[in-house]
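To start, the structure itself, in C-alpha cells.
The values are calculated or read from the model by the stated rules, or taken from the named source; none is laboratory data. All of these numbers come straight from a predicted model, not from anything done at the bench. Neighbour counts run over all protein chains shown; Cβ positions are idealised from the backbone, glycine included.
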Amino acid sequence: MKQFNVTYVEALRDNRVIASFYDNSSNGYGSLGKVGLTATPKVFRKLVDELVIPKVVPLEGNKVTKLSSALLDGFECYYGTEAGNMVYVCFSPVNVPKILPLRILTELKSMTNESDQELDSHVRAIVQNFHEELLSYHDSSTAEATEQDMQEIIQLMNDNIDKFLQRQERVSLLVDRTSKLNQSSYNFKRKAVRIKTKMWWQNVKMCSAITAVTALVGTTVFLAVHYV
C-alpha cells in the first residue's frame with residue numbers, strides 16, 4: 001500500500017520556532033513559482049514567517065485551519081493554535097489524505113514538542129498509526145480492497161474534509177474580523193475619551209481666563225470709580 005507522509009511541521013511559541021520536522025521522502029516537490037526554489041526547510045521557514053504567521057487566528061479547541069491560498073506549488077498548508085501562544089504549522093503534499101495533517105496537528109497539541117527530536121518522533125509515530133489503521137481496513141474488508149478502492153475512499157474523505165475546512169476558514173475569518181472590529185471600537189472609545197478630556201480642559205482654561213479677565217476689569221473699574 002502507498003505510504004503517505006507530510007513534508008514539514010513547525011512548532012512555534014510567541015512566533016518563535018521551538019521545533020521543526022522535515023521529511024523529503026515524498027515525490028513531486030513544488031517550487032516557489034517563477035523563483036524556482038526547491039522545497040527545503042529554509043523555504044518552508046520563510047513561508048511560515050512571512051505568509052502564515054500574519055494570517056494565524058487563535059481558535060479554542062482542537063480546530064485546524066487550512067490556508068485557502070497556495071503558498072507553494074504542490075503543497076497545502078494547515079495550522080492549529082494552542083493556549084500559551086503556541087502555533088503548529090504543517091505543509092503536506094496535495095496527494096496526501098487531508099486527514100493526516102489534521103490528525104498530526106490535533107494530536108501534537110497534547111504532546112511536549114520542545115525539540116526537533118521530540119517533534120520528529122511524535123510526527124512519525126502519528127504517521128505510523130495512520131498507516132496501521134489503513135492496513136487494518138484492508139484486512140477487515142469482506143472483499144479484497146484494491147488500491148483503487150482505497151483511493152476512492154480517500155477522495156470521499158478529502159471531499160468531506162474540504163467542506164469542513166471551508167467552514168472552519170470562514171469561522172477563522174469571522175473571528176479575525178470580529179477581533180479587529182472590537183479593537184477598532186476600543187481604539188475609537190479611547191480616542192473619544194481623550195477628546196472629551198481635552199475639550200473639558202479647554203473649557204476649564206477658557207472659564208478661568210474669562211473669570212480672570214472679568215475680575216481684572218471689575219478691579220480696574222472699581223479703582224477708577226473710587227480713586228480717580
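Does the stretch 186-203 hold any residues that are modelled with pLDDT of 80 or more and β-branched (Val, Ile, Thr), and which are they? Selection gives Ile195, Thr197.
Filtered by the rule that a residue be within 14 Å of the chain's Cα centre (by Cα) and among the hydroxyl-bearing types (Ser, Thr, Tyr), the stretch 66-99 gives Ser68, Ser69, Tyr78, Tyr79, Thr81, Tyr88. The set of residues in the stretch 96-147 that are at pLDDT 85 or above, not hydrophobic (A, V, I, L, M, F, W, C) and not in a helix (DSSP H, G or I) comprises Pro97, Lys98, Lys109, Ser110, Thr112, Asn113, Glu114, Ser115.
Taking the conditions exactly as written (surrounded by 21 or more Cβ atoms within 10 Å (Cβ to Cβ), of a type in the set (D, E, K, R) and either within 17 Å of Asp116 (Cα to Cα) or modelled with pLDDT under 85 (or both)), does Glu10 satisfy them or not? Yes.
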